[in-house]
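Just so it is clear, none of the values below were taken in a lab; they were calculated from the coordinates. Keep in mind the model is a prediction, meaning the values are calculated, not measured. Note: ideal-geometry Cβ built from the backbone for every residue, glycine included; neighbour counts use all protein chains shown.
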Amino acid sequence: MISVVCVYNNEEILDKFLMKSLKKQSVDYELILMDNTSNQFKSAAEALNHGAKKAKGHYIMFVHQDIDLKSDEWLKNTETLLNSLDNLGVAGVAGVSPWDEDEKVSNITQGFPPQKISDNHIDTPQKVQTVDECLFIIPRSVFEILKFDEVVCNNWHLYGVDYCLTALNKGLDVFVIPSEVYHSSPGDSMSENYYVTLGNILKKHKKYHRFIFTTMGGWTSLYPLYIQKRRPLVKKKLLTIFQKIYQK
């Protein structure tokens, strides 16, 4: 069984997308909702750690309120697929590999009108470095050992990226699975808090990951973040050099 964990701040959106598609599912699931309409949680990491502690399913799915599971068999098919993956740390529906930072790995659509976020359509699970936070799944046995970092990810950004990097550090694999969903968000949130958390992550993981790739772009711990923000062409050149070395 999959435990579905969602923190929401708009009940209308929650009902229109996630809840509507969950009610059609062909298998049982556990639903854990955290109402954040009054901003009682200061970060996604705090909220999701709180919710996931209640989970009893074999897998814990962390999902945004504006996600539509596009098939009535989505949970059933996804759980079957997850059961086939060895050494699973994290599985998401969108992600980025360190050898191809410009090409997201995903079958999902987003925005209005719905558009594919990638031409890289997959039929089988693909290993990546990080996944997007819109929907990702962690085995409960892994989550019991490894929680979200509430200090490094002290707002609403990159908590999934940080978790993926930590999972990799512990020898686990990160996958994008070929499960299709619709995400109603345009997926372009880049507030100042995003960069605060990004700086924390670059510092935390620089020993193991000199280059970090996310669905919102690639970054390096070799140069200060403010330089990378001001001189994106320099950053791009560094990432390109790294990718060529990685592929050899």
- Output for Cβ contacts, cut-off 7 Å, separation at least six or different chains, first residue hydroxyl-bearing (Ser, Thr, Tyr) in region 5-27, second not in a helix (DSSP H, G or I), reads Tyr8/Leu33; Tyr8/Asp35; Tyr8/Asn36; Tyr8/Gln65; Ser21/Asp68; Ser21/Leu69; Ser26/Asp72; Ser26/Glu73
- Query: Between a first residue in region 70-81 that is in contact (Cβ under 8 Å) with a residue 60 or more places away in the chain and more than 19 Å from Ser184 (Cβ to Cβ) and a second residue that is of a type in the set (S, T, N, Q) and buried (at least 18 other Cβ atoms within 10 Å of the Cβ), which pairs have beta carbons less than 9 Å apart while being 6 or more apart in sequence or on different chains?
  - Reply: Asn77/Ser179; Thr78/Ser179; Leu81/Ser179
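For Ser38, indicate whether it is in contact (Cβ under 8 Å) with a residue 60 or more places away in the chain and of a type outside the set (Lys, Arg). Before the answer, list the steps.
Values: in contact (Cβ under 8 Å) with a residue 60 or more places away in the chain: no; of a type outside the set (Lys, Arg): yes.
In short, no.
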- When residues of region 111-129 are filtered for being over 15 Å from the mean Cα position of the chain (by Cα) and not in a loop (DSSP other than H, G, I, E, B), how many remain? 2
- Message: Being out of contact with any Cys (no Cβ under 8 Å at 6 or more places or on another chain) and in a helix (DSSP H, G or I) is true for just one of Thr80, Thr37. Which residue is that?
- Response: Thr80
- Return the total of residues in region 93-146 being among the hydroxyl-bearing types (Ser, Thr, Tyr), in contact (Cβ under 8 Å) with a residue 40 or more places away in the chain, more than 26 Å from Gly51 (Cα to Cα) and surrounded by 13 or more Cβ atoms within 10 Å (Cβ to Cβ). 3
